[in-house]
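Just so you know, all these numbers are worked out from the coordinates, no wet-lab data involved. These numbers come from a predicted model, not from an experiment. Reconstructed Cβ throughout: ideal geometry from the backbone, glycine too, with neighbour counts over all protein chains shown.
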Amino acid sequence: MAAAIERFSPRSVDAAAARFAQAVVARAGPASPARARALLFAASRLAAFGAQVGLEPTAEVLLHPSVIERCCAPGVTAMSLPTRRTVRSNLRAISRALRPAPPPVRLSRERAKAPYTPGEIAAYLALADAQPTEARRLRAGALICLGAGAGLVGADLKAVCGTDVTCRPGGVVVAVRGGRRPRAVPILSRYCDRLVAAAGFAGEGLVIGGTSATRRNVTTPLTASLAGGRDLPRIEIARLRATWLCELAEAIGLRAFMEAAGLTCPQRLGDLVASLPVVEVNDAVALLGGRR
């Protein structure tokens, strides 16, 4: 490793940048010659950037996190995007080796909610039918239908009016207007009749009740009433959405697609979807299980 550092003499940077790279990499103590060469390349690019903008060629100045970020920002230096990511990671490694600091605390990632089983959904619908008034029965049923049948939560759920639920060729569609992403969502076919009845009762008012979609705790009275003791705890709207997501994922063969593509985390699916043609509402009804 010492020989690899000593022999470092790149043609793309000047001698001062090479000396800076040799000094900081020697202090960092890489574990192998290959690792040393990778760190030398990154440090030399940082030194060249520092000389270009007039920064003092010292480790304390150039290895500051803000300088590293500026060096690897797009359009600042002539490096490709993959090279920028690699150089930034290596510069951060050098900085940590020269200026040890307590490692960041790892925060656990929130996992997806567990979906409800068909038996649990049937039990909650039975609880909705057992409510003491017609208004409460229809609103509780609409809550389940919009959650498990369309995947709506939060502002999307609270802002649905009776006039937003419409019958289209082959199925029922709810127009989402209150959230950040207005869209039309087909309702799963087995929830259509209940939701149409609730929408007719609500008219121009809110389907799940309340006087304003911006009020907090609009759904609290409904979720509190949909509980059946130890075997059937209080219903969770997030789990209703997870139920809808799992059903649609199974219907469109998402798992088979991801396994065939070798994907474990669909980070780039959004980019791929943006290049696909728009699906018409009538076609979406048939594709997403809304046909009845």
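Can you put 201, 49 in order, fewest other beta carbons within 10 Å first?
Fewest-to-most Cβ neighbours within 10 Å comes out as 201, 49.
For 219, 211, what ranking results if the residue with the fewest other Cβ atoms within 10 Å of its Cβ goes first? Before the final figure, lay out the partial values.
Values: 219 21, 211 9.
So the residues, fewest neighbours to most, are 211, 219.
Based on Cβ point charges of +1 for Lys and Arg and -1 for Asp and Glu, what charge dipole magnitude is obtained for region 118-287 about its Cα centre, in debye rounded to the nearest 20? Kindly include the intermediate steps, with their values, before the conclusion.
Numbers: 19 positive and 15 negative charges, 119 e Å.
So the dipole magnitude of region 118-287 works out to roughly 580 debye.
With r defined as the distance between the Cβ atoms of residue 193 and residue 249 and R0 fixed at 22 Å, what FRET efficiency is calculated, to the nearest 0.05? Intermediate values should be presented prior to the final figure.
Numbers: r = 25 Å, r/R0 = 1.12.
Once the sixth-power term is evaluated, E becomes 0.35.
Determine the dipole magnitude for the chain: charges of +1 sit on the beta-carbon of Lys and Arg, -1 on that of Asp and Glu, nothing else is charged, the reference point is the Cα centre, and the result goes in debye to the nearest 20. Don't skip to the answer; put the middle values down first.
Details: 39 positive and 21 negative charges, 169 e Å.
Using only the charged Cβ atoms, the result is roughly 820 debye.
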Length released on extending from residue 96 to residue 268, taking residue separation times 0.36 nm less the Cα-Cα span: 58.9 nm
Simple spin-label estimate for residue 136 and residue 83 in nanometres, 7 Å along Cα-Cβ: 6.9
Residue 260-residue 117 FRET efficiency (beta carbon distance; Förster radius 30 Å; 0.05 resolution): 0.60
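Going by how many other beta carbons lie within 10 Å of each one, how would you line up 265, 167, fewest first?
265, 167
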